[in-house]
Amino acid sequence: YLKIAKGQPFAFLFESVEGGAWRGRYSVVAMQPELIWRCRGDKAEIAQGEDLSQFAPQSGGALESLRDLVAASRIALPDGLPPMSSGVFGVLGYDMVRLAERLPGVNPDPLDLPDAVMIRPSIVAVFDAIAQEIILVTTARPGSGDARAAFDAARDRLAKVQADLKAPMPAAAEPQAQAAAVEFETKVSRADYAEI
């Protein structure tokens, strides 16, 4: 992650650990989204293309919009690729349950965060712990454009990530000065604490 995705907006590391195992087979780094979907309540919006800061409202409800996105993002994977090589990735917050269940809205939301954010990454790096290999995947989505240009751009994305993986680790940031120790005072005596 530090070599290929550190500091990139919307990049993340996903660990797949199941059944109480201490280590999963796959670790996934998804990055460089070509599309961002988010919702607040039952209103969804999508940003895509060159400017991922411009969101367009989606018709229908949030769940319908998410279903449409998942369907549009589904592709037939070539044999041998892990299932998480393509798709949408992200986080669904607890408040998404309000789209299926009536709950009181008693908790304040001072951060005004979306209830869910999903990305369709243009690069997925799958670390296979069993095979001891890294599988780099990108999609070529020509849309109404030139298929050759989309293929060449996909190949260039893979070459850039391969070069980043072969490069040395980026220099660590200079350590920040530690804050002065804070003195704490308790209103409970040592004897009262022991009694508790």
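Of the residues making up region 68-108, those that are of a type in the set (Val, Ile, Thr) and either within 22 Å of residue 11 (Cα to Cα) or open to solvent by 80 Å² or more (accessible area, probe 1.4 Å) (or both) are 70, 75, 88, 91, 106. Counting only strands (runs of 3 or more DSSP E) wholly contained in region 1-97, the ones carrying 1 or more residues that are farther than 25 Å from residue 166 by Cβ and under 18 Å from the mean Cα position of the chain (by Cα) occupy 26-40, 43-48, 89-92.
Scanning region 104-117 for residues that are out of contact with any helix residue (DSSP H, G or I) (no Cβ under 7 Å at 6 or more places or on another chain) and either in a strand (DSSP E or B) or of a type outside the set (S, T, N, Q) (or both) returns 104, 105, 106, 108, 109, 110, 111, 112, 113, 114, 117.
Report yes if some residue within region 116-138 is on the phi > 0 side of the Ramachandran plot, modelled with pLDDT of 90 or more and not aliphatic (A, V, I, L, M); otherwise report no. Yes, some residue in region 116-138 is on the phi > 0 side of the Ramachandran plot, modelled with pLDDT of 90 or more and not aliphatic (A, V, I, L, M).
Considering 147, 172, the condition of being within 30 Å of residue 24 (Cβ to Cβ) and either surrounded by 12 or more Cβ atoms within 10 Å (Cβ to Cβ) or without any contact (Cβ under 8 Å) to a residue 60 or more places away in the chain (or both) is satisfied by 172 alone.
The values are calculated or read from the model by the stated rules, or taken from the named source; none is laboratory data. This structure is a prediction, so every number in the text was calculated from the model and none was measured. In this analysis, Cβ positions are derived from the backbone assuming ideal geometry, glycine residues included, and neighbour counts consider all displayed protein chains. To get the accessible areas, we keep the full protein, side chains included, count just its heavy atoms, and leave off ligands, DNA and RNA. Shrake-Rupley method; radii C 1.70, N 1.55, O 1.52, S 1.80 Å.
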